[in-house]
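Read through the structure below, which is laid out as structure tokens, and then see the notes.
The values are calculated or read from the model by the stated rules, or taken from the named source; none is laboratory data. All values derive from a computational prediction rather than experimental measurement. All Cβ positions, even for glycine, are placed from backbone atoms using ideal geometry, and neighbour counts span all protein chains on display. Accessible surface areas use protein heavy atoms only, side chains included; no ligands, DNA or RNA. Shrake-Rupley method; radii C 1.70, N 1.55, O 1.52, S 1.80 Å.
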Amino acid sequence: MAAATVPTDASAQRTGTRIGKTATKYDTSETIALVTACMAERRNQISREILDTLPGTEAEHRVMLRSEGPLGTCMDDERFVLDGKKLEFTGRALRPSLGVAMARRQIADSNGAASVRASEKPWFAAALDALPDDASLDAPLLALFEMGDCLVNRESAGAIELVLSEPGKGGQGPAMRKLIPHLSHCVVAGQEIEITPEVLRYAVAEPIFHRSQPVVEVGATQ
């Protein structure tokens, strides 16, 4: 559990989030998206450390605990007035959104010219092989990332388009139409996953982050 309690200035507006109103439990996705976008921008290193761990493990938990300060920094700014309230995020709620924010940041840093490395194994394969049998692990979330990794490997352009698209806007449709034909290959038999634009965006975001690399022109040096 990562938590932050942020006292607000007496002069701060009581309705101060960029979603246009005071955030409620019904605005969870939008609220977390704001915080994780800030994390990707202003606390990039610890955000990378979170995504370098396997979900649900003790290693992830330790990094999440260290992220409480950076989370507070992101909440305590003029874009996100909390009116002295306490917000609590589980790693399970925070991580998929952070993956989207970090993938978007990585694509932006490449000036939109990002490509993804092809690989037969998902990015987490080596770490999973090294994990003790009795170690904690968020297996359902990892299964979602495994499906996303397969989709990115087969249709990287559509996956990148979906990550860059905004919920409820036109860009989601074309991206989904590119990805859906590959689901039969990427969903494990017996696996039950609700297929929505939001779920697929979460699924492909971390694989894009881990697989992406800037395009280097022939003759150019890194």
Being over 24 Å from Asn111 (Cβ atoms), out of contact with any Phe, Trp or Tyr (no Cβ under 7 Å at 6 or more places or on another chain) and acidic (Asp, Glu) is the filter here, so list the residues in the stretch 139-190 that pass it. Glu146
Subset of the stretch 115-127 (residues that are surrounded by fewer than 14 Cβ atoms within 10 Å (Cβ to Cβ) and either of a type outside the set (A, V, I, L, M) or not in a helix (DSSP H, G or I) (or both)): Arg117, Ala118, Glu120, Lys121
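Where in the stretch 8-114 are there helices (runs of 4 or more DSSP H), lying fully within it, with 2 or more residues that are of a type in the set (Gly, Ala, Ser) and either modelled with pLDDT under 85 or open to solvent by 20 Å² or more (accessible area, probe 1.4 Å) (or both)? If you could, list the steps in order and put the result at the bottom.
Working: elements: 28-42, 44-51, 58-66, 68-75, 91-109.
In the stretch 8-114, the matching helices (runs of 4 or more DSSP H) lie at 28-42, 68-75, 91-109.
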